[in-house]
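Visitor: Dropping a structure here in C-alpha cells format, bear with me for questions.
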Amino acid sequence: VAEDTSLLGFAATLPQWTANQALEIEVIEQTSKKLHFNVVRCRYSEMYREMGLEHIGHLLSCNRDGTFCKGFNPDINFKRTQTIMEGKSHCDFRYDIGDDD
C-alpha cells in the first residue's frame, strides 16, 4: 500500500513505468493538482504489433490506466484522448486532483 496517495505520490511511481525503456514520456505539467504528460514511445504497443495483436493491445494494456489511478487514490481523475496503440503519435495522459484553479 502506498503511503503517499497524493498526486505527487502518484507521480513518484513514473520511474517504474519507464523502467527498461518500456515508456518514454515528456512531462507537460506537474504540480500538486496536475500530472500531465505524453507518452512518445510505448514498447508495449511495439510488442503487440510485432505479435500481430495490435487489435487487442488496448484491452491488455491501455484500459487499465484509469482504474490504476482510482485504486491509488479515488480522487484522482484521468483523461486520455488518444494512444499510440490506436495509431496516434503519442498518448496524452492527464491526471488531475481537486478543484481547478
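Visitor: Limited to the range 54-68, what total is found for residues that are assigned to a loop (DSSP other than H, G, I, E, B) and either of a type in the set (Lys, Arg) or under 14 Å from the mean Cα position of the chain (by Cα) (or both)?
Guide: Here the count works out to 1.
Visitor: Please verify whether the range 50-60 includes one or more residues that are surrounded by 13 or more Cβ atoms within 10 Å (Cβ to Cβ), of a type outside the set (D, E, K, R), farther than 22 Å from Ser6 by Cα and at pLDDT 95 or above.
Guide: Taking every residue of the range 50-60 in turn, none turns out to be surrounded by 13 or more Cβ atoms within 10 Å (Cβ to Cβ), of a type outside the set (D, E, K, R), farther than 22 Å from Ser6 by Cα and at pLDDT 95 or above.
Visitor: Please go through (1) over 19 Å from Ser6 (Cβ atoms); (2) in contact with a strand residue (DSSP E or B) (Cβ under 8 Å, 6 or more places away or on another chain); (3) touching a residue at least 40 places away in the same chain (Cβ under 8 Å) for Ser45 and return the number of the only condition it doesn't satisfy.
Guide: So Ser45 meets the others, but not (2).
Visitor: Another one. Looking only at the range 82-99, which residues are assigned to a strand (DSSP E or B) and out of contact with any helix residue (DSSP H, G or I) (no Cβ under 9 Å at 6 or more places or on another chain)?
Guide: Asp92, Arg94
Visitor: Only one of Leu23, Leu14 is free of Cβ contacts under 8 Å to residues at least 40 places away in the same chain, crowded, with 16+ Cβ neighbours inside 10 Å, touching a Cys at 6+ places or on another chain (Cβ under 7 Å) and closer than 20 Å to Thr83 by Cα; which?
Guide: Among Leu23, Leu14, only Leu23 is free of Cβ contacts under 8 Å to residues at least 40 places away in the same chain, crowded, with 16+ Cβ neighbours inside 10 Å, touching a Cys at 6+ places or on another chain (Cβ under 7 Å) and closer than 20 Å to Thr83 by Cα.
Visitor: Do we find that Glu46 is assigned to a helix (DSSP H, G or I) and of a type in the set (Asp, Glu) in this structure?
Guide: Yes: the conditions hold for Glu46.
Visitor: Has the range 69-80 got any residue that is within 11 Å of the chain's Cα centre (by Cα), part of a loop (DSSP other than H, G, I, E, B) and either within 15 Å of Gly98 (Cβ to Cβ) or among the basic types (Lys, Arg) (or both)?
Guide: Yes: the range 69-80 contains one or more residues that are within 11 Å of the chain's Cα centre (by Cα), part of a loop (DSSP other than H, G, I, E, B) and either within 15 Å of Gly98 (Cβ to Cβ) or among the basic types (Lys, Arg) (or both).
Visitor: Examine the range 52-61 for a residue that is small (Gly, Ala, Ser), without any contact (Cβ under 8 Å) to a residue 60 or more places away in the chain and over 21 Å from Glu86 (Cα atoms), and state whether such a residue exists.
Guide: Taking every residue of the range 52-61 in turn, none turns out to be small (Gly, Ala, Ser), without any contact (Cβ under 8 Å) to a residue 60 or more places away in the chain and over 21 Å from Glu86 (Cα atoms).
Visitor: Report yes if some residue within the range 17-36 is under 13 Å from the mean Cα position of the chain (by Cα) and part of a helix (DSSP H, G or I); otherwise report no.
Guide: yes
The values are calculated or read from the model by the stated rules, or taken from the named source; none is laboratory data. Keep in mind that this is a model prediction, so the values were computed, not measured. Cβ sites come from the backbone with ideal geometry, for glycine too, and all protein chains shown count toward neighbours.
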